[in-house]
Every structure is written in C-alpha cells, then in structure tokens.
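Engineer: For reference, the structure I am asking about is given below.
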Amino acid sequence: MALIDEHVNEAVLKNLDRKENFTLFGLTVPYLFLIFFLIIIPVGWLFYMSFIGRDGSYSFENYERMVTQKSYIRIFLTTFKISFLTTLICALLGYPLTYFMSQLSRKWAGICMIGVLIPFWTSLLVRTYAWLVLLQRKGLINNIAIDLGFISEPIKFVHNTSGTLIGMAHIMLPFLILPLYANMRAIDKDCLKAAANLGATPTRAFWTVFFPLSIPGLLAGLLIVFVICLGFYVTPAVLGGGKIIMAAMKISSNIELYFSWGAASALGVVLLVVTMLILYIASKLVSIDQIGGNK
Amino acid sequence: MQSNALNISINDVTKTYGDFYALKDVSLEVKSGEFLTLLGPSGSGKTTLLMVLAGFTRPDYGSVKFGNEEVVTKPPHLRDIGMVFQNYALFPHMNVEQNIGYPQKLRGKSKSEVKESVAEALSIVKLDGLGHRGVAELSGGQKQRVALARAIVFKPQILLMDEPLSALDKKLREEMQIELRQLHDSLTMTTVYVTHDQKEALTMSDRIAVINDGELKQLGSPNEIYTNPNNAFIADFIGESSLLPAKVISNKTYLGASEIMISHPSKDDGDYLLVIRPEKLFLANGKEKDTNLFSGIVEGSIFQGESQLLVIKLDPGSFGEQSLRMRLPNGSNIGQKVPISGEKISVGLRKSDSFLVE
C-alpha cells in the first residue's frame, strides 16, 4: 500500500500472466521447429529449385515449358479432367449413400461406417491391384459377364480413363462420405419435422430443408476429393496403364528418367499454387471449420 | 370460449416401445377453442401424445379426430395444424421472413399474399421490421416468437406447443406465458400445450391433463387440480405440499395418535396421505373453529423474499415422527413476530383445506 495508484496484487497477477504466456510459448516451440524444418524449408527449397534451369543457372525455362509444350498442357488437362470426373462420381455415389446412413439408427450407421472405413484403412496399392485383377481382360468381371452371356467380347475396363475413374472413385469415396456424414448427422431432425408439419411433402422437405443444410458438408467433401485427386499417383499409374498421365506421374518421370529436378519442382509448385487457390475460393464459400466437417 | 376452431377427440390411444407403455389407453376431449395443457414429468408420455396429434408418432391403436375427421392415418404434412417445437426448429438457412413464409409458399400463395401474411404474423408476435434478420442473429426470445409466427401464419385451427418456453430464462418465460395465453384468446384456435412446469400449466390453461406413466391421471381446471388432486402423485407434483401418512379406522381419521377433521366424507379403512399446502397453514391462537391444530417445534425458518418458509417438526407424542412445511407471506402479517428456529408453535389448518389422497 505504498503507492496510491497501485492496486492490490496488481503486480503479482501481471507477473503470473506473463509467466503463463511464456510457458505456453515454450510448449509450442517444438511444433514451430517441426513446421519450419518439415514444411517451410522443403517448400522453400522446391520454389528455389523450380527456378534453376538445366545448365544450373537461374531461369524461367521450367515454367515456360509448361505453357509452350503441348504435352504439358495435355497433362494439366488430363489431371483436371480426371479429378473433376472422379469428384463428380464420388458425389453421385456418395451423397445418396451418406443420406441413407444418416437416416439409420446409430448402431446400423456404425456398421455401415465400418464398411466405409475398412477399405479406407487398407493399403492403397493393394486396392489398386485388386481392381486390376477384377477389371482386366480375363478378370473376374469380364469372365462372369461372358459366362452369363451379357457380352461376347471382354470389355476393356483397364488401361484407360474408365479404369482409372473406377479405381480413383473407390479410393476417394470415404473422403467425401466422412465430412458429409458428420454434417448430415448434425442437421436438426426437428427441422424436417417442422417442414412436414408446415405442409411439405417428404420430397419437398428434402429439397427445401435437408439438401440446403447439407451443402457445407458436401462442398467440404468435394473439395477434399478434388484436391487429393490433383496430386494422385499410384492408381492412375497402375489402372491407366501409361495412357493416363497426370501431373504427379510427370513429376516422377522428370526425376527418374530425366533427372530434371527443376522441371519436377516447377510442376510441384504449380500443383501447390492451384491447390491453395482452390482452398482460398472454397473458404469464401464455406467457413474453414466446415471443411473439417464441423458445423 | 365460443369459437369455430376444431375440437380434438382422442380415444383409447396406446403406444408401446417393446414392453414399455409410452401411452396407455388415453382418452381425452379437447374442446373447440380450449387451451389444454398436457402436464407431466419427463418420460411421462406427454410429448408422445403430442407427437401422435402432430402425426410424427403412429399409435399402436386408438383414434384421433380433428372435428369429425379421423386423422390417425393421415401423414403430418396433410394435417394442417401449427406446431411450435421445443428447440424452435427454425430453418437456419432461411431468414426470418423466409421461415415464416415457408408454409404459405407450400400452400401456393402468391408473392404478395405471402408477404402480407408474413407481415401480419410478425406484427402479432411483435417482431415488426425484423423480417430480414438471419436466424442466428436472434435472441432466444425472438427465435421463440419467430417459431410461433411460423406456426400461426397459415391460420391453423389447431396449435400444438411442445415445451416452447423451456429454453428461456425465468423472467422472460413468465412474460411469454401471459402473452401466449393472450394470443390464444385473440385467435380462433384450439391449443394443446405440453409442459413439465406445473406453475406454467396453472398460469396458462383452461384445463390441465396430468399425465404420468403413459396414463391420464386427472383432467380438470387449474383450480380443481390444485385444490382437489385425486392422488398423491398429483398432490406432490402440482404446487408445494407436505404429504403426511394418515390412517382411517372406522370412519375416523388419525394422524399419529390425534384425530383430525377432513373436508370430504370419510374414506374406507386404510392408509392414506394427508395433503397440506404450506400456504394454507396459519399461526393459531387456539380459538379457531373447524380447524386442525398441529403443535411442534420450528426446525428451520428461512427468509425467501415474498414469504417465510418454516419447517416444523410435529410433536411426536401426538402426531408421530414427521415434519411439515409452512409458508407465511411477508408483509401481510405486520405486528406478528416471525417464529424463529427452536420456538414452540401451534399452527392451524382449516377443515375445508384438509383432505386425504391415496
């Protein structure tokens, strides 16, 4: 009580605050290091290398090539086409399935969810080759179809776009279902009851109430699927049989065949920038929270 | 209560979930234009009954008629009745105006008709000018009003309300009780209201249907239910009361060793409960007529604002080991000394206020 303008315990409490802040900062330091060394430095390195030309000097040639060479333009078009179609197929298959699951009791929905998750947890490579076994010329599906007399000649499922799409849609489906399911579960069932009470037929209630309320989850799922598809490697490589060349495969061949780290880096940078651009646009449409499937 | 609103006849409605009876042979007539409250503790079946009326729950058997029309097989969207949900169930992706206009749009009204009726409904619930607000921007009380406006905008003849005030704070709740009642009186509607709050039921209703264990326990005006509960559950559930075990032996009623007077003809021999409303007790001077006198020691004397609550341990020699609660209004007993803990007192209960339940 020496000074009049000093309140009781003010200094002690302030000191306590400072101490707590310091402790909390101390706790975050390991993660800041982790992010710095595992993300900031590699990405910075990627940027740097993308500006190194074949002869080792600074140049824009890696980016110029993408605009001028037809093969690169085709690769980008293929990447977007495959990603877009996969996303579309996932939406058409995933939305009705997720709606069905969201209407089940928790117990049965849980069982269905296990059905969705078990393949999700199985190795990507195993699933991709499993599709190859099922879909090839003398594969299970063609054999059965011929035996039953539906077709006389085997259908060419793999080593083309359709095989790639079947495999990718199967692998991507859980990424759409998970956020969408969380969103649909969170929709207040009373809202649908209210719609019915106010005179809406079940169909009308679905389109005017349920569907609009599920859009955030749907957008989140679509976004995740699309972004992952853009950088997909294994499935298009195996099921596309070399005929479907996506950006990730070109990166790989740039390094493995041509030892051109600059060209590979430039492709990586473009993919990264495109992904961030899409995320930015999406964040304007839905709040970022919802991309995690939360309401 | 002369009005043209539809009456509701509920007959023999039963709903089971496995072995559990949510509703057991409930029969009930809601008169045209009446404000009827279904009152009961949680899990009593009152909400199930409301859901049967709205069409969301299909009973195992029984009949529900609106007017003369059997509706038990009719899907909810064809029943044409208003309903206010417990958590409002406003559509979060629509603003206030769109929420209220929704039932009108479904009914194929023109744009101008929708607009007009929405404005009217908004003014009835005193939310003029808030039509463009988003649902998330509203306070709890405002959401409540929007839900109400949406339920009455298409002028339904029957309005169902499922604990609509339970999420509001006490003061707002009490204001809304009176407002809802006034609204009911000004519109031509038959209202069925569900609550677990006995005070709310007493405040608002024309009649109260007390429901417990899926059964209709008592049906009557608030006054009848309060002053004349027909069993111990209702006496305990509605209002405050002390229930003291009493015995009837050859037309005489005994509390412990003392004989007491009761307001109704004597019951058959057996064990009963004497219902004592704390506010009916008064400090006795020994000269009152037709009054049961209880002597005892004040165990607790608690100031509660508008009243003083006394917990009195009765004289064990005369009445057995039991205590009762008494409520003295503060202010009306000027000059009277408020009894304090440990004091010996004698309290009176008029014969007309003394009754037994099973």
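Engineer: Going by the structure shown, is B:ALA136 within 13 Å of another protein chain (Cβ to nearest Cβ), out of contact with any strand residue (DSSP E or B) (no Cβ under 9 Å at 6 or more places or on another chain) and surrounded by fewer than 16 Cβ atoms within 10 Å (Cβ to Cβ)?
Structural biologist: The answer is yes for B:ALA136.
Engineer: Here's another thing I want to ask about it. May I ask you to verify whether B:SER9 is at pLDDT 95 or above and surrounded by fewer than 22 Cβ atoms within 10 Å (Cβ to Cβ)? Full working, then the answer.
Structural biologist: Values: at pLDDT 95 or above: yes; surrounded by fewer than 22 Cβ atoms within 10 Å (Cβ to Cβ): yes.
Yes, satisfied.
Engineer: Does at least one position in the stretch B:274-291 carry a residue that is at positive phi and out of contact with any Ser or Thr (no Cβ under 8 Å at 6 or more places or on another chain)?
Structural biologist: At the first step, the residues of the stretch B:274-291 found to be at positive phi are B:286, B:290.
Now drop any that are not out of contact with any Ser or Thr (no Cβ under 8 Å at 6 or more places or on another chain), which leaves none.
Looking through the stretch B:274-291, none of the residues is at positive phi and out of contact with any Ser or Thr (no Cβ under 8 Å at 6 or more places or on another chain).
Engineer: Please go through (1) hydrophobic (A, V, I, L, M, F, W, C); (2) within 27 Å of B:ILE81 (Cα to Cα); (3) surrounded by fewer than 19 Cβ atoms within 10 Å (Cβ to Cβ) for B:ALA201 and return the number of the only condition it doesn't satisfy.
Structural biologist: Every condition holds for B:ALA201 apart from (3).
Engineer: Among the residues of the stretch A:191-202, are any free of Cβ contacts under 8 Å to residues at least 24 places away in the same chain, more than 8 Å from chain B (Cβ to nearest Cβ) and within 32 Å of the chain's Cα centre (by Cα)?
Structural biologist: yes
Engineer: Is one or more of the residues making up the stretch B:43-50 surrounded by fewer than 17 Cβ atoms within 10 Å (Cβ to Cβ), away from chain A (no Cβ under 14 Å), in a loop (DSSP other than H, G, I, E, B) and at pLDDT below 95?
Structural biologist: Among the residues of the stretch B:43-50, at least one is surrounded by fewer than 17 Cβ atoms within 10 Å (Cβ to Cβ), away from chain A (no Cβ under 14 Å), in a loop (DSSP other than H, G, I, E, B) and at pLDDT below 95, which makes the answer yes.
Engineer: Sort out which residues of the stretch B:310-323 are modelled with pLDDT of 90 or more and touching a Pro at 6+ places or on another chain (Cβ under 8 Å), and write them in order of number.
Structural biologist: B:LEU310
Engineer: Need at least 3 residues that are acidic (Asp, Glu) and surrounded by 13 or more Cβ atoms within 10 Å (Cβ to Cβ) per element, so show me which helices (runs of 4 or more DSSP H) inside the stretch A:1-101 make the cut, counting only ones lying wholly within it.
Structural biologist: Correct list: empty, since no element meets the threshold.
Engineer: Tell me which residues, restricted to the stretch B:214-269, are within 20 Å of B:ASP315 (Cβ to Cβ), of a type in the set (Gly, Ala, Ser) and loosely packed, with under 15 Cβ neighbours inside 10 Å.
Structural biologist: B:ALA257
Engineer: What's the number of the only condition in (1) surrounded by 17 or more Cβ atoms within 10 Å (Cβ to Cβ); (2) free of Cβ contacts under 8 Å to residues at least 40 places away in the same chain that B:SER123 fails to meet?
Structural biologist: For B:SER123, the failing item is (1).
Engineer: Here's a follow-up. Residue check, B:ASN68 against (1) modelled with pLDDT under 95; (2) buried (at least 22 other Cβ atoms within 10 Å of the Cβ); (3) not β-branched (Val, Ile, Thr), all met but one. Which one?
Structural biologist: Among (1) modelled with pLDDT under 95; (2) buried (at least 22 other Cβ atoms within 10 Å of the Cβ); (3) not β-branched (Val, Ile, Thr), the lone unmet condition for B:ASN68 is (2).
Engineer: Being touching a residue at least 12 places away in the same chain (Cβ under 8 Å), over 15 Å from A:CYS191 (Cα atoms) and surrounded by fewer than 18 Cβ atoms within 10 Å (Cβ to Cβ) is the filter here; which residues of the stretch B:79-111 pass it?
Structural biologist: Within the stretch B:79-111, just B:ARG107 meets the criteria.
Engineer: Scan B:ASP213, B:ASP197 and give me the residue that is over 14 Å from the mean Cα position of the chain (by Cα), at pLDDT 90 or above and farther than 22 Å from B:SER9 by Cβ.
Structural biologist: Unique residue meeting the criteria: B:ASP213.
Engineer: Restricting attention to the stretch B:9-24, does a residue exist that is within 14 Å of chain A (Cβ to nearest Cβ) and assigned to a strand (DSSP E or B)?
Structural biologist: So far as the stretch B:9-24 goes, yes, one or more of its residues are within 14 Å of chain A (Cβ to nearest Cβ) and assigned to a strand (DSSP E or B).
Engineer: Considering only helices (runs of 4 or more DSSP H) fully contained in the stretch A:176-295, which possess at least 3 residues that are modelled with pLDDT of 90 or more and touching an Asp or Glu at 6+ places or on another chain (Cβ under 9 Å)?
Structural biologist: none
Engineer: Which one is farthest from the other protein chains (Cβ to nearest Cβ) among residues in the stretch B:66-86 that are under 19 Å from B:VAL153 (Cα atoms) and either touching an Asp or Glu at 6+ places or on another chain (Cβ under 7 Å) or not in a helix (DSSP H, G or I) (or both)?
Structural biologist: So the residue we want is B:VAL84.
Engineer: Only one of these is away from chain A (no Cβ under 12 Å) and part of a helix (DSSP H, G or I): B:GLN98, B:GLN104, B:GLN144. Name it.
Structural biologist: One residue alone meets the criteria, B:GLN144.
Engineer: Would you pick out the residues in the stretch B:273-296 that are surrounded by 16 or more Cβ atoms within 10 Å (Cβ to Cβ) and more than 19 Å from B:TYR226 (Cβ to Cβ)?
Structural biologist: B:LEU283, B:ALA284, B:THR291, B:ASN292, B:PHE294, B:SER295, B:GLY296
Engineer: Let me ask something additional. Which residue pairs have Cβ atoms closer than 9 Å, lie 6 or more positions apart in sequence or on different chains, and pair a first residue in the stretch B:54-65 that is within 14 Å of chain A (Cβ to nearest Cβ) with a second residue that is part of a strand (DSSP E or B) and among the β-branched types (Val, Ile, Thr)?
Structural biologist: Hits for this filter: B:GLY55/B:VAL64.
Engineer: Is it the case that B:LEU159 is modelled with pLDDT of 90 or more, surrounded by 18 or more Cβ atoms within 10 Å (Cβ to Cβ) and in a helix (DSSP H, G or I)?
Structural biologist: no
Engineer: With A:SER265, A:SER214 as the choices, which residue is more than 30 Å from B:ASP80 (Cα to Cα), of a type outside the set (Phe, Trp, Tyr) and either buried (at least 19 other Cβ atoms within 10 Å of the Cβ) or touching a helix residue (DSSP H, G or I) at 6+ places or on another chain (Cβ under 7 Å) (or both)?
Structural biologist: A:SER265
Engineer: What single numbered condition from (1) surrounded by fewer than 22 Cβ atoms within 10 Å (Cβ to Cβ); (2) over 14 Å from the mean Cα position of the chain (by Cα) fails to hold for A:THR235?
Structural biologist: Only one criterion in (1) surrounded by fewer than 22 Cβ atoms within 10 Å (Cβ to Cβ); (2) over 14 Å from the mean Cα position of the chain (by Cα) is unmet by A:THR235, namely (1).
The values are calculated or read from the model by the stated rules, or taken from the named source; none is laboratory data. This structure is a prediction, so every number in the text was calculated from the model and none was measured. Neighbour counts are summed over all protein chains in view; Cβ atoms, including those assigned to glycine, are modelled from backbone coordinates with ideal geometry.
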